[in-house]
Each structure stands twice: as structure tokens, then as C-alpha cells.
Amino acid sequence: MGTHIKNQVKLSLLSINENVSFARAAAAAFSAQVDLTITDIDEIKVAVSEAVSNAVIHGYGGNNHKQNFIELVMNLYRDKLEFFIIDFGKGIANIEEARQPSFSSDPERMGLGFVFMDSFMDELEIISKLGQGTTVKMVKLLVPSTEH
């Protein structure tokens, strides 16, 4: 496993809905530098936008008027892509409960965010402290191409 970072991008996004699509486009652009399928890139886009959307809606409670920021950190290694979505909001009380398919703290939402992240990425880790925020770490493994 290569631990040497080949590329890294760090973005600081104001916690507003408009920046969800920006994060999605940034993740797609970052992922495009490696040999991935269109499906892989689409899955990364969905997973990252779900994580950023969660931070806007749940992490900060959708308080768009406040100066709340979400950090998006993207790392490229020889064998994987890593995505960190970090907010400094209210945190998640029960991570196991939040990961359940039908759970949502907002009745208007489907509650499938973590399910999508889990199924579209190879690794999903959620670290959260109440009153301090949440970090979502997602990894997409890069399979060495044997066809060339």
C-alpha cells in the first residue's frame, strides 16, 4: 500500500446548498486524473455530494446565514483516492443509527445518504463529536490495470 501522496486538494466551502454541486464537480475533476470508469466517477460524485449535503443540512442545521464552513480534502495515492468531508457543526448523536437505511433526523429526507456512501465507496468511516462536528472519510480503491 502506497502511503506517499501523489496529489492533494483542500477546499473550504461555505455551508450553503449551492456549494454541494461545486464539491461534486471538484470531486469529479480530482478523480478524472486517474483511470476510472464513468460509473466510478459518478459514484464518487454522488457519495461526496451526499456527504457535503449532510454537513449543510444536519451538521449546521441548514443555517445558511451563518459563516459555517465545510472542509473538503481529497488525496490521491498510488492505490486509492481518499475524500474527507469535515464540518464543525453539532455532530451526530448515534452514528450506528444514522447509518441505517431509513434513518433521517429530518422527516423530509430519504435518509439514504450514508447508504449511498457505503455502497459507492470501498471504505466509509464516520467520526463525530457532539457539539464539535463530524468527519466523513471515504476511500475509493484504485485497481491496477492489467489490460495495458
Residue under question is residue 52, and the condition is that it be part of a helix (DSSP H, G or I) and farther than 21 Å from residue 142 by Cβ; does it hold?
yes
If you check residue 113 against the conditions, is it buried (at least 19 other Cβ atoms within 10 Å of the Cβ), of a type in the set (Gly, Ala, Ser) and at pLDDT below 80?
yes
Out of (1) touching a Lys or Arg at 6+ places or on another chain (Cβ under 6 Å); (2) assigned to a helix (DSSP H, G or I), what's the single condition that is false for residue 29?
(1)
How many residues are surrounded by fewer than 19 Cβ atoms within 10 Å (Cβ to Cβ) and among the polar types (S, T, N, Q) when one looks only at segment 25-54?
3
So which residues in segment 33-49 are in a helix (DSSP H, G or I) and of a type in the set (Ser, Thr, Tyr)?
39, 49
Every pair of residues 6+ apart whose Cβ atoms lie under 7 Å, when the first sits in segment 56-75 and is buried (at least 21 other Cβ atoms within 10 Å of the Cβ) and part of a strand (DSSP E or B) while the second is modelled with pLDDT of 95 or more and among the polar types (S, T, N, Q):
74/8
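The values are calculated or read from the model by the stated rules, or taken from the named source; none is laboratory data. Computed from a predicted structure; not experimentally measured. We place every Cβ from the backbone using ideal geometry, glycine too, and count neighbours over all the protein chains shown.
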